[in-house]
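For reference, the structure discussed in these notes is given below.
The values are calculated or read from the model by the stated rules, or taken from the named source; none is laboratory data. What you are looking at is a predicted structure, and each value in this text was computed from that prediction instead of being measured. Cβ placement follows ideal geometry from the backbone for every residue including glycine, while neighbour counts extend to all protein chains displayed. What goes into the accessible areas is simple: the full protein's heavy atoms, side chains included, and nothing from ligands, DNA or RNA. Shrake-Rupley method; radii C 1.70, N 1.55, O 1.52, S 1.80 Å.
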Amino acid sequence: MRLAKQVRLAAAFLLMMVSGLVWNSFALFLVALEGEFHWSRASISGAYGAFALVNAVSAPLFGYLLGRYNSRVLLAGAAMLLGTAFLLTAHVSTIGQFWLAFGLVGGLGTHCTSSYAIFAVLAGRFRKRPATAMAIADAGSGLAAFLGLPVMSWMIENLGWRFTYSALGIVLMGIAVPLHLFVIDRVKSASGTGGRYGLAGLGRVTILALVISYFCGSAAYHGLMTQQIALFEDNSVNAQTAVWIAAVAGLIIFVWRLLSGWLCDLWGSGPVMALAALAGVLTFGMLVAILVTANVAALLVYPLVLGVAFGGQQVLLADRARLVVTLSALSAVLGVCRLASGAGMAAGPVLAGSLHDWAGGYGAAIAVIAGLALLHFVTFAAIRRRQAPKM
């Protein structure tokens, strides 16, 4: 039994590594696409926004289906769709084609690596230390950013962005399809609507706080992650250094996700999120130092505080949601939360890119993202914890 758990946790870790490559590599492709086609950053970022928004809008229905039908088949099918989307993206020549292939088709397929689906599976397998299991799996995306971004940057520079998108699609299908079909557990089946502790049983304040915290946290995080390489290059940081700063941030995210899950099971999610809020203040302080004073020392501190501020948010929010719903309703509730999170993923990059194009710099964008981050931390504290009946 212990070996079976370890194998499934390793599989979840690999799936989240794929997720990390999918989501974090967009910053590299943004620069490459802008260089070849001379599209605006706002229009390119808009495709990323569509990718996140399509995934978010379809998440409540997909989460509902995962709890009622064969989740292994559904997730494997989504992996095939996502891999196909990247193969199609490799052949685009217009911004409309890019939005359609990457944004629409890719957005529908990316449920296969969405943390809400993986977390719903792990919550049913790991009952004693669920946050630790979620954190170990989620850490895979941070490790992938650290190991994969320099490699993908080299591939884009030497082999082209089209080849890199094709390779990503093939690797994704080769890893995700067999893992979902043969290794990952099925999501626990739900009966009825989830009962008192389903979404309908949550208080209005709890629902609103969950939705706002998911939205604002994702908007702030993805607004920063998709623009940070371009931001550094705009402030006279050479391209390779900018990539490595992003990669180091991915490593810190990897380490913090591991620690935050363990600390969450030890202390509870509240104190851990308080640490993240403090790191958030420091993150935006470092960005101001980079923008206003071109402080080189801030480049060294920025990846550390960024990782602590935002690296554990999905685990902490999912663990808080787990406390107020039954296990059988968790995938459906997290699907609704994923809608809010995906809307934030869509809004953050588009907002940051649009503000950059409007203001001719990232100052206004950073100020708005800082406000979203503050709202994320404040509303998390307002989520009312209610212990669900023991399963």
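Summary of values
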quantity: Check on LEU149, within 26 Å of LEU28 (Cβ to Cβ), surrounded by fewer than 24 Cβ atoms within 10 Å (Cβ to Cβ) and of a type outside the set (D, E, K, R); calculated: no
quantity: Breaking point among (1) β-branched (Val, Ile, Thr); (2) more than 21 Å from ALA276 (Cβ to Cβ); (3) open to solvent by less than 10 Å² (accessible area, probe 1.4 Å), for THR226; calculated: (2)
quantity: Odd one out for ALA167 among (1) under 24 Å from VAL73 (Cα atoms); (2) in contact (Cβ under 8 Å) with a residue 40 or more places away in the chain; calculated: (2)
quantity: Candidate set from the range 346-356 (those that are modelled with pLDDT of 90 or more and not small (Gly, Ala, Ser)); member that is nearest to ALA56 (Cα to Cα); calculated: LEU351
quantity: Residues within the range 230-285 that are open to solvent by 30 Å² or more (accessible area, probe 1.4 Å) and of a type in the set (Val, Ile, Thr), tallied; calculated: 5
quantity: The range 1-22 residues that are at pLDDT below 90, paired with ones that are buried (at least 22 other Cβ atoms within 10 Å of the Cβ) and of a type in the set (Ser, Thr, Tyr) (beta carbon under 6 Å, 6 or more apart); calculated: GLY20/SER141
quantity: Any hit, the range 31-50, residues being in contact with a helix residue (DSSP H, G or I) (Cβ under 9 Å, 6 or more places away or on another chain), under 25 Å from VAL336 (Cα atoms), surrounded by fewer than 22 Cβ atoms within 10 Å (Cβ to Cβ) and touching a residue at least 12 places away in the same chain (Cβ under 8 Å); calculated: yes
quantity: Among (1) under 20 Å from GLY348 (Cβ atoms); (2) of a type in the set (A, V, I, L, M); (3) at pLDDT below 80 - the single one VAL237 does not satisfy; calculated: (1)
